[in-house]
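Reading through the structure tokens given below for one structure.
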Amino acid sequence: KQRRAAAQAERKHGNNDLAEKMGIYAQLPDCCLMCEAPFDKTDREMLSSWNVVVREKEGIVRLYCPDCWTAACQVVEQYEQEVRDENNSQS
């Protein structure tokens with residue numbers, strides 16, 4: 001009985017997670033935040049290659065194309081390297 005009850009509770013909880021994710025999918029923008037390249041929600045290749053950033057507390061969903069995501073990652077990496085270099089020079 002306990003295993004069945006636990007399994008039922010997991011299924012019930014899983015449906016809430018799915019509902020939340022579908023709500024987020026509905027908020028998905030139609031273009032890249034940076035370059036405004038169009039995004040087709042029905043294209044499987046775009047769905048797998050574009051990046052989505054979700055800030056649940058703020059209710060914000062941001063969408064980035066692969067080119068803008070790569071550029072942003074490079075900027076962050078450069079910044080982190082500069083911070084590391086600065087910390088090493090202070091030591």
Among the residues of segment 42-53, which ones are open to solvent by less than 50 Å² (accessible area, probe 1.4 Å) and out of contact with any helix residue (DSSP H, G or I) (no Cβ under 7 Å at 6 or more places or on another chain)?
M46, V53
Filtered residue count, segment 58-82, keeping only those that are touching an Asp or Glu at 6+ places or on another chain (Cβ under 9 Å) and open to solvent by 90 Å² or more (accessible area, probe 1.4 Å):
0
Working only within segment 21-53, note down all residues that are among the β-branched types (V, I, T) and either outside any helix (DSSP H, G or I) or closer than 20 Å to T70 by Cα (or both).
T42, V52, V53
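The values are calculated or read from the model by the stated rules, or taken from the named source; none is laboratory data. This one's a predicted model, so the numbers in the text were calculated from it and none came from an experiment. Note that each Cβ is placed from the backbone with ideal geometry, even for glycine, and that neighbours are counted across all protein chains shown. Each accessible area value is taken on the protein alone, full model and side chains, heavy atoms only, with ligands, DNA and RNA left out. Shrake-Rupley method; radii C 1.70, N 1.55, O 1.52, S 1.80 Å.
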